[in-house]
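The values are calculated or read from the model by the stated rules, or taken from the named source; none is laboratory data. Remember, predicted model here, so these are calculated numbers, not experimental data. Cβ atoms come from the backbone with ideal geometry, glycine included; neighbour counts cover every protein chain shown.
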Amino acid sequence: MTVTIGRRELLAALGGAAAAWPLAARAQQPGMPALGFLRSSSAAGSAQLVAAFRQGLKEAGFVEGQDVAIDFRWGDDQPDRLPGLAADLVRRQAAVIIANVSATRAAMAATTAIPIVFVSGGDPVRRGLVGSLNRPGGNITGVVEASVSCARCPH
C-alpha cells in the first residue's frame, strides 16, 4: 500500500497553518497581516504551487487582498540570496513565513520570533530543521510530504 499526500492537500494544510498563527502576531500587524512566502526556486516554475497555496488560504477563509497580503520572495535558484530575502520579510514584520527547506534555514537564521512553516519532502529531523517531530521547538513547524510503502500490504 502506498500513502501519498498530494500537493493540493499539502498546500491546503499550509493554508490552515497560516490561519492558526498567534493572535498576538495578528494584533501587532498594522493593517492587513502579511504572509511571507519564501522559496529557493524561481517564480516562473511555481504557478501551480502558488495557485494551490492561494486556494488553500481561500478554503481556510482568507482572501488575498481582503483578509491577508502575501509577500512573495524568490531565491531564483541562488542560495546566497535567501538570507537577504528572509531578512526583508522579518523587517516587513510578516505574521508567518512559509518556506521550502533551503529557505527555512535562512528564515531560521533571520528570526526566532516570527512563526516559520516549512514544507519538506524528507525527514525534517535529519535535515536539521527540528529537534523532533513531536516537539519541533522554537518558532518552527511544518508539513512533510511523504510516501510510505508496505511490501506486505495488498495493492
List the pairs whose first member sits in the range 121-137 and is over 14 Å from ALA103 (Cβ atoms) and of a type in the set (Ser, Thr, Tyr), whose second member is at pLDDT 85 or above and assigned to a loop (DSSP other than H, G, I, E, B), and whose Cβ atoms are under 8 Å apart, counting only residues at least 6 apart or on separate chains? SER132/VAL125
Assuming ALA113 fulfils every condition listed in (1) touching a Pro at 6+ places or on another chain (Cβ under 9 Å); (2) within 23 Å of ASP67 (Cβ to Cβ); (3) in a loop (DSSP other than H, G, I, E, B) apart from one, which condition is it? (1)
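Out of LEU57, LEU49, I need the residue that is touching a residue at least 12 places away in the same chain (Cβ under 8 Å), surrounded by 22 or more Cβ atoms within 10 Å (Cβ to Cβ) and over 18 Å from GLY138 (Cα atoms). Which one?
Details: LEU49 fails: surrounded by 22 or more Cβ atoms within 10 Å (Cβ to Cβ).
Exactly one of LEU57, LEU49 is touching a residue at least 12 places away in the same chain (Cβ under 8 Å), surrounded by 22 or more Cβ atoms within 10 Å (Cβ to Cβ) and over 18 Å from GLY138 (Cα atoms), namely LEU57.
Is the range 90-106 home to any residue that is part of a helix (DSSP H, G or I), farther than 17 Å from GLY142 by Cβ, out of contact with any Gly (no Cβ under 9 Å at 6 or more places or on another chain) and at pLDDT 95 or above?
Of all residues in the range 90-106, those part of a helix (DSSP H, G or I) come to 90-91, 101-106.
Narrowing further to those that are farther than 17 Å from GLY142 by Cβ: 90-91.
Okay, now just the ones that are also out of contact with any Gly (no Cβ under 9 Å at 6 or more places or on another chain), so 91.
Applying the additional criterion that residues be at pLDDT 95 or above yields 91.
Yes, the range 90-106 contains a residue that is part of a helix (DSSP H, G or I), farther than 17 Å from GLY142 by Cβ, out of contact with any Gly (no Cβ under 9 Å at 6 or more places or on another chain) and at pLDDT 95 or above.
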Within the range 64-82, can one find any residue that is surrounded by fewer than 18 Cβ atoms within 10 Å (Cβ to Cβ), part of a strand (DSSP E or B) and free of Cβ contacts under 8 Å to residues at least 24 places away in the same chain? yes
